[in-house]
Amino acid sequence: MTRSLSLGCALASVFALASACSSGEPGDPSASAGTSGSAGAGTQAGTSAGGTGAGSTSVSGSATGGSATSTAGTASGGSAGQATAGSGGASGGTAGGGGSGGAGLTPYNGPFTCSMYIGAYLSMEWWNAGFEDGVDGDKWQLKWHHHGHITEWAKPDSPFWADTGNPNDDSQGSPIQSACKTNSTAPDRIVFLAITWALTTQEAWVKDLKASVANIKAKYPSVKRVDLMTMIRCPNNMQCNPNQMYGVADSDTNAQHQDCQVPKYADDAIAQVIAEDPGYLALGPQFEMTMCNPSHDGAHMTGTDNGITADKIAAFYAAKP
């Protein structure tokens, strides 16, 4: 694939259930839930509370001991920090205490024959800035819609799900861009942009995220793994647009009310949804812009940052073919 002429890493928030990335590198999305090396923390099932005993593990790579992978979560969470991988630790979290929630499960890690990014106009901008130069372009495709927000993907009958039409027209579908050479209509991995400025509570986000994931499962039964990814954040997740107005009637369609700042309730909702389906969902790479867009045009990046982002996301997934 050719590089378009159009045009660091950080997990800006430490999720309650999601792993943080180290300096200079994004967190592995297979560590979608569970804390990095925290004692007694539940792995992959994303326990919100853990023990303080030794021997806990983290799927992203244990900082203090234990295996880097978890194969089974224990049903009991009473003994403090047991060395068994996936143990919930003392008093157990949402999965550790009762052994529910898919403790110890991890999504399929590939290799994948066709990975599809489902996103919005923002996604198309960095994709066309060179993303396919850094991955096997024959195994990646993009499905984007200008207003590809979770409020729309949550609708099973949304026209956005169609693979034909004009992606800039809300009454039409989202054609596949740069289709995979094989299995284009049956991708086995999806990276899903979780974005909306209209919803302003964790509960509302969780509802529409779950509905979006349910629609992916129904429409693409071939998919073995879905990475949930936020938009590219403002530097240090600060407020870049002084006119941002989240939660108003036109906040999902008026770029002047949008910003690249990802609220905590959005991060928490993503972590919660992943924790409830850890064998299928994972956290996608989380990156920041190097600078605010001087035009304050919503969450749109500068041409330079689109290129930088394309290279970073490509490098992340090139290591996870």
Inset, instruction - Output the residues belonging to the stretch 130-162 that are out of contact with any strand residue (DSSP E or B) (no Cβ under 8 Å at 6 or more places or on another chain) and basic (Lys, Arg). - result: Lys155
Legend entry - Output for the stretch 152-177, where each listed residue is open to solvent by 40 Å² or more (accessible area, probe 1.4 Å) and not in a loop (DSSP other than H, G, I, E, B): Pro159, Ile176, Gln177
Legend entry - Lone qualifier among Trp144, Trp140 - being open to solvent by less than 60 Å² (accessible area, probe 1.4 Å), in contact with a Leu (Cβ under 9 Å, 6 or more places away or on another chain) and within 23 Å of Met301 (Cα to Cα): Trp144
Inset, instruction - For Asp250, indicate whether it is assigned to a loop (DSSP other than H, G, I, E, B) and over 19 Å from the mean Cα position of the chain (by Cα). - result: yes
Inset, instruction - Among residues belonging to the stretch 207-238 that are β-branched (Val, Ile, Thr) and assigned to a helix (DSSP H, G or I), point out the one that is surrounded by the most Cβ atoms within 10 Å (Cβ to Cβ). - result: Val213
Inset, instruction - Go through the stretch 292-309 and give me each residue that's assigned to a loop (DSSP other than H, G, I, E, B), open to solvent by 10 Å² or more (accessible area, probe 1.4 Å) and either under 20 Å from Phe131 (Cβ atoms) or in contact with a strand residue (DSSP E or B) (Cβ under 8 Å, 6 or more places away or on another chain) (or both). - result: Asn293, His300, Met301, Thr302
Legend entry - Some residue of the stretch 250-266 being within 21 Å of Pro159 (Cα to Cα), open to solvent by less than 10 Å² (accessible area, probe 1.4 Å) and modelled with pLDDT of 95 or more: yes
Legend entry - Subset of the stretch 178-206 [farther than 22 Å from Ala162 by Cβ and crowded, with 23+ Cβ neighbours inside 10 Å]: Trp197, Leu199, Trp205
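The values are calculated or read from the model by the stated rules, or taken from the named source; none is laboratory data. What you are looking at is a predicted structure, and each value in this text was computed from that prediction instead of being measured. Cβ: placed from backbone, ideal geometry, glycine included. Neighbour counts: every protein chain shown. Accessible surface is based on the protein model in full, side chains and every heavy atom, while ligands, DNA and RNA are left aside. Shrake-Rupley method; radii C 1.70, N 1.55, O 1.52, S 1.80 Å.
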